[in-house]
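One structure is given here, and the rest of the page talks about it.
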Amino acid sequence: MLNTALFKFLTQPVAGVVILTTMIFFPSTTLAQINTVSTNAPLNTLTTAQPQTALDRNYTLGGGDRIRVNVFEVPEYTGEYQIPPGGRINLPLIGSIPLEGLTTEQAADNIASKYSRYLKRPLISVNLLSPRPINVFVSGEITRPGSYTLNLQGSGGDNPGVQYPTVLAALTAAQGVTMTADITQVAVKRRGTVVPLNLKEWVTTGQLPQDITLRDGDTIFVPTAKEPNLAEARNLAALNFAASPSVPRTVAVIGEVNRPGAYLVNINNNANNAQNTQQPGGGDNVANLPTLTRVIQQAGGITSQANVRKVTIRRPTKTGSEQNIDINLWQLLQSGDISQDVILQDGDTIVVPTATEINPAEATQLATTTLSPAQIEVGVVGEVKNPGRVTVRPNSPLNDALLAAGGFNDARAKKKKITLVRLNPNGSVTRRQIKVDLAAGINEQTNPILRDDDVVLVGRSSVARVADPLGLILGPVGGAINVLRFFFGF
């Protein structure tokens, strides 16, 4: 049965002759040949090398749609219907009619063919009064893959202003794409046809060569980027269809930080931390974003042994693989390359490795950045003027801790050699004998860089070790010995 509009057109004398002549002399030109070529390739193997095909943009009826069936010149057969699940409606005289998967024009033709048994030249129209919500499936590098129900806006029928939800609406409903997504190869599958969408092109130019409105049953796949791109990742995080930065995420920090472990990062904690309002490299204010430097600060900052040039982020993907992202925080500090301050996502693991060599000048510079803690505490005990815990700047050398404790107790201290006690991250304790040189700069032999919770032990001189027991035994005589020691230096 021909569509009613086409049937009316053919009844006009001139138009009918033109159409029939075309069909006779060009029989191979059929509607079937105009349809797009479909592909059965799986979504995750789609590449730009495949030819792009257009998606079928027609709306097809289904359960939940409200329609109006007009039977011209027979008003008693005209009525409004809510299509039930299964897609069949009951019409006067002809009974149950299947409409599932048909366009309004196809539905009109189907109904007309049934009524032709009872009516002479029936004229039927089907108008969409209220479209049903559509169901789509979103998978791949998306925060919450799964099935989503999206509402249509406007209405159909006599008011053709119905607006279908877009791919961007579906991605937003699924809480945005992840940081490992390749938005240049987003794929939409509809009735066996797969079309790639370059959403980066849409972001940069505001135009897409394809229609991105969705239909019921569409599947959207967001592939994993082959290689991480730091600059692109930061731009991706700023898009309105990316994962929201306000959603809490759990990340792990291991290696050369003062408090290794797992941390829950959210926008509120970062915003309330006053020292997080300025980038260490002088870049833009990203205080409210869960960035790499923010989490390092939460972990107590880097230690004096950290290699900030070789930081690695291990990031899981939705496919079960893992991306390794290499970060050079020294580049961030020196040139303000803000792309090095990566925005993190849930499940990331940050690895801060140990430096093989320490450059004293660089260590001093690192101590002044927000990558390092504001201060560290060191215990200085024994023969110093003010023994106890002292606070010094990160990456401070041994000499600075001695000065903070008031310096040597000149009359009793063993100045040439002291003991440095250090608690290691693995729980072990090391003791080192340091030959002190107060005039030396930072070096590992005579003036090493201290770590948080180090203990500096200044022993007694040989004279003090002999005099102290004698003082206890001799009492007043011991006091005299102390006087002699003071004046004669023994």
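Flag: V222 does not match the condition of being β-branched (V, I, T) and out of contact with any Gly (no Cβ under 9 Å at 6 or more places or on another chain).
Exactly one residue among A274, A225, A237 is at pLDDT below 80, of a type in the set (G, A, S) and either outside the structural domain of W330 (by TED's automatic domain parsing) or over 30 Å from T193 (Cβ atoms) (or both), and that residue is A274.
Okay, residues lined up against (1) among the acidic types (D, E); (2) in contact with a helix residue (DSSP H, G or I) (Cβ under 8 Å, 6 or more places away or on another chain); (3) buried (at least 18 other Cβ atoms within 10 Å of the Cβ):
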residue	(1), (2), (3)
A299	no, no, yes
V308	no, yes, yes
R314	no, no, no
L332	no, yes, yes
D337	yes, yes, no
Q340	no, yes, yes
I343	no, yes, yes
V352	no, yes, yes
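Considering the stretch 51-85, and only residues there that are under 28 Å from T166 (Cα atoms) and hydroxyl-bearing (S, T, Y), the residue that is modelled with the lowest pLDDT turns out to be T53.
If the condition is being touching a helix residue (DSSP H, G or I) at 6+ places or on another chain (Cβ under 7 Å) and part of a loop (DSSP other than H, G, I, E, B), then the stretch 358-395 contributes T369, T370, L371, S372, R393, P394, N395.
Scanning the stretch 440-490 for residues that are among the hydrophobic types (A, V, I, L, M, F, W, C) and modelled with pLDDT of 85 or more yields A440, I442, I449, L450, V455, V456, L457, V458. For V126, the requirement of being touching a residue at least 24 places away in the same chain (Cβ under 8 Å), of a type in the set (A, V, I, L, M) and more than 30 Å from P84 (Cα to Cα) is not met. Tell me which residues, restricted to the stretch 304-349, are part of a helix (DSSP H, G or I) and either in contact with a strand residue (DSSP E or B) (Cβ under 8 Å, 6 or more places away or on another chain) or of a type in the set (V, I, T) (or both). Of everything in the stretch 304-349, those that are part of a helix (DSSP H, G or I) and either in contact with a strand residue (DSSP E or B) (Cβ under 8 Å, 6 or more places away or on another chain) or of a type in the set (V, I, T) (or both) turn out to be L329, I338, Q340. Going by what's in this entry, would L102 be described as part of a loop (DSSP other than H, G, I, E, B), in contact with an Asp or Glu (Cβ under 9 Å, 6 or more places away or on another chain) and of a type outside the set (V, I, T)? In short, yes.
Among all residues of the stretch 178-188, there is none that is hydroxyl-bearing (S, T, Y) and assigned to a helix (DSSP H, G or I). Sub-6 Å Cβ pairs linking a first residue in the stretch 241-269 that is within 24 Å of A173 (Cα to Cα) and crowded, with 16+ Cβ neighbours inside 10 Å to a second residue that is of a type in the set (K, R) and modelled with pLDDT of 85 or more, at least 6 apart or interchain, are V265/R249, ordered by first then second residue. Might you check whether a residue that is modelled with pLDDT under 90 and either among the acidic types (D, E) or over 22 Å from V352 (Cβ atoms) (or both) occurs anywhere in the stretch 387-396? No, the conditions are met nowhere in the stretch 387-396.
For residues that are assigned to a strand (DSSP E or B) and under 17 Å from L129 (Cβ atoms), tally how many sit in the stretch 79-96. Before you say what the answer is, go through the steps one by one.
Keep residues of the stretch 79-96 that are assigned to a strand (DSSP E or B), which gives 79-82, 88-91, 95-96.
Then drop every residue that is not under 17 Å from L129 (Cβ atoms), which leaves 79-82, 89, 91.
Result for the stretch 79-96: 6.
Residues of the stretch 198-237 that are without any contact (Cβ under 8 Å) to a residue 12 or more places away in the chain, out of contact with any helix residue (DSSP H, G or I) (no Cβ under 9 Å at 6 or more places or on another chain) and either surrounded by 19 or more Cβ atoms within 10 Å (Cβ to Cβ) or part of a helix (DSSP H, G or I) (or both): T204, T205. Tell me which residues, restricted to the stretch 396-419, are of a type in the set (A, V, I, L, M) and part of a strand (DSSP E or B). Selection gives A413, I418.
The values are calculated or read from the model by the stated rules, or taken from the named source; none is laboratory data. Quick caveat: nothing in here was measured; it's all calculated off a predicted structure. Using ideal geometry, Cβ is built from the backbone for each residue, glycine included, and neighbour counts are taken over all protein chains shown.
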